[in-house]
Amino acid sequence: NKNVGILAMEIYFPPTCIQQEILEAHDGASKGKYTIGLGQDCMGFCTEVEDVISMSLTAVTSLLEKYNVDPKQIGRLEVGSETVLDKSKSIKTFLMQIFEGCGNTDIEGVDSSNACYGGTAALFNCVNWVESSSWDGRYGLVVCTDSAVYAAGPARPTGGAAAIAMLIGPDAPIAFESKLRGSHMAHAYDFYKPNLASEYPVVDGKLSQTCYLMALDSCYKTFCHKYEKLEGKKFSILDAEYFVFHSPYNKLVQKSFARLLFNDSLRNASSIDEAAKEKLAPFSSLTGDESYQSRDLEKASQQVAKPFYDAKVQPTTLIPKQVGNMYTASLYAAFASLIHNKHKTLDGQRVILFSYGSGLTSTMFSLRLREGQHPFSLSNIASVMNVADKLKSRHEFSPEKFVETMHLMEHRYGAKDIVTSKDCSLLAPGTYYLLEVDSMYRRSYAKK
Ligand code: ACO
């Protein structure tokens with residue numbers, strides 16, 4: 001099979017959001033902390049009528065409809081999520097409601113989970129299936145769905161929520177360069193969810209930032225090494241048109257990209273001119289640990305990276321800045337932003353993605369883009385996702401109403417005998433929503 005990859009995409013995020021500038025003032029944070037310090041504009045969240053299951057039902061049905069894909073044509077369905085609503089029953093099985101109705105129960109795959117990485121694991125599983133001898137000629141379908149909520153405190157503004165569905169098959173406009181891949185996996189307690197009674201993670205913020213950057217360095221080293229063995233020349237950031245990062249918040253993405261340039265400078269790669277060499281040379285003797293703590297290095301490398309960042313990263317940041325960290329969907333929402341902004345000029349371009357999930361698991365991998373044939377073309381993917389209209393038609397909550405929603409959701413998490421308000425007036429037509437959780441914890445949904 002040639003050019004196996006992503007044929008089609010759909011994104012769904014809740015229509016309810018809060019402006020970071022307003023949340024910042026309400027939380028008593030210093031002015032600019034969330035907007036400039038974290039680099040975030042707005043944050044989406046689920047109200048009591050939405051959850052990771054309803055969002056994924058919405059994304060999958062919308063994808064099948066808009067690309068005119070017969071549900072019988074799906075042979076594998078994989079879900080990535082770190083939002084636990086049931087410790088045994090997978091989110092995938094809820095999505096089977098869509099396929100059972102059409103008589104298709106012959107669908108492999110279950111859920112994958114490790115923090116924000118589960119979606120990437122699901123994606124690799126589907127791509128590998130299509131490339132394998134057990135492939136039966138049908139499509140794979142990957143769903144990343146999460147609701148990222150944090151306890152009140154410094155991490156709360158880094159929440160978000162979304163579901164993304166991706167159709168996988170051969171001859172894709174978004175094809176994997178499967179040989180170009182570097183992973184880094186290790187044991188860390190940077191962000192985890194040991195309290196099964198709460199939706200909130202336990203998070204060591206500073207450690208999670210360092211773990212993220214260490215994983216990035218390690219993946220980039222492996223990636224560059226593999227590239228050099230294959231292509232017979234050094235990789236530098238000039239060898240890809242765009243870089244897409246898992247985006248807990250935008251400031252970390254800025255730091256990450258600068259870190260790649262620092263790596264290029266240590267390897268004396270072609271992206272580093274004389275001026276850059278001079279600026280970064282003083283840091284070449286730092287130990288790894290020292291380099292993660294050095295504010296001067298951070299400043300110097302971000303300065304060198306700035307023009308490259310504007311060209312190679314900025315077009316990928318729209319949805320993560322507007323919706324927040326969507327955990328497993330975060331990286332793919334950043335990639336969706338790139339398609340939204342640049343679909344007219346992506347033909348032939350290489351795009352590098354970096355996926356990170358705390359705990360920790362991470363991979364850097366490469367995609368090669370082509371315009372493709374309708375309906376599986378970059379321009380059609382951009383028009384189906386309709387990102388601009390979805391962002392524009394959201395409803396802004398006041399901080400008081402946001403906090404009240406978080407309180408209600410805390411009580412609802414893991415509870416039974418719940419009947420929701422069924423108020424779906426803010427939801428767009430076609431959106432699934434939660435009706436009730438009965439005395440046996442069984443969840444039921446309806447479509448608006
Ligand atoms: N104006 C401009 N910038 C400001 C202001 C201000 N008024 N106030 C603070 N800042 C800057 C800080 O200098 C800092 O930037 P820097 O990192 O470049 O120095 C930034 O804003 C954040 O301020 P901190 O004091 O570092 O923030 P705090 O420690 O309170 O919280 C954190 C930030 C740790 C990211 C927290 O939100 C968190 O724990 N989030 C969840 C964990 C997370 O997302 N980790 C990332 C990888 S793991 C994952 O994906 C879940």
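Put simply, of K206, K226, K221 the only residue that is within 11 Å of the ligand (Cβ to nearest atom), basic (K, R) and surrounded by fewer than 19 Cβ atoms within 10 Å (Cβ to Cβ) is K206.
The residue pairs whose first member lies in the range 239-262 and is over 19 Å from F283 (Cβ atoms) and of a type in the set (A, V, I, L, M, F, W, C), whose second member is assigned to a loop (DSSP other than H, G, I, E, B) and away from the ligand (no atom under 11 Å from the Cβ), and whose beta carbons are closer than 7 Å, counting only pairs six or more residues apart or on different chains, are F243/V313; V253/V313; V253/T317. Residues in the range 145-182 that are under 26 Å from G324 (Cβ atoms), surrounded by fewer than 20 Cβ atoms within 10 Å (Cβ to Cβ) and either away from the ligand (no atom under 11 Å from the Cβ) or of a type in the set (F, W, Y) (or both): Y150, A152. Of everything listed in (1) more than 16 Å from the ligand (Cβ to nearest atom); (2) under 21 Å from the mean Cα position of the chain (by Cα); (3) in a loop (DSSP other than H, G, I, E, B), the single unmet condition for G140 is (3).
Out of all the residues in the range 209-218, which are more than 11 Å from the ligand (Cβ to nearest atom) and aliphatic (A, V, I, L, M)?
Correct list: M214 only.
So which residues in the range 55-77 are closer than 21 Å to Q322 by Cα and either small (G, A, S) or within 16 Å of the ligand (Cβ to nearest atom) (or both), if there are any at all? Scanning the range 55-77 gives S56, A59.
For the criterion of being under 19 Å from the mean Cα position of the chain (by Cα), buried (at least 21 other Cβ atoms within 10 Å of the Cβ), polar (S, T, N, Q) and assigned to a loop (DSSP other than H, G, I, E, B), S247 passes. Looking at the range 316-332, which of the residues that are away from the ligand (no atom under 13 Å from the Cβ) and among the hydrophobic types (A, V, I, L, M, F, W, C) is surrounded by the fewest Cβ atoms within 10 Å (Cβ to Cβ)? Per the criteria, the residue is L318. Summed over the range 23-32, the residues that are within 11 Å of the ligand (Cβ to nearest atom) and either among the hydroxyl-bearing types (S, T, Y) or loosely packed, with under 15 Cβ neighbours inside 10 Å (or both) give a count of 3. Is there a residue in the range 117-129 that is crowded, with 20+ Cβ neighbours inside 10 Å, of a type in the set (F, W, Y) and more than 17 Å from the chain's Cα centre (by Cα)? Within the range 117-129 (the criterion being crowded, with 20+ Cβ neighbours inside 10 Å, of a type in the set (F, W, Y) and more than 17 Å from the chain's Cα centre (by Cα)), the answer is yes, since at least one residue qualifies.
Readers should treat all values here as calculations from the given coordinates under stated rules, not as data from a laboratory. This is a predicted model, so every value here is computed, not measured. All Cβ positions, glycine included, derive from the backbone under ideal geometry; neighbour counts span all protein chains shown.
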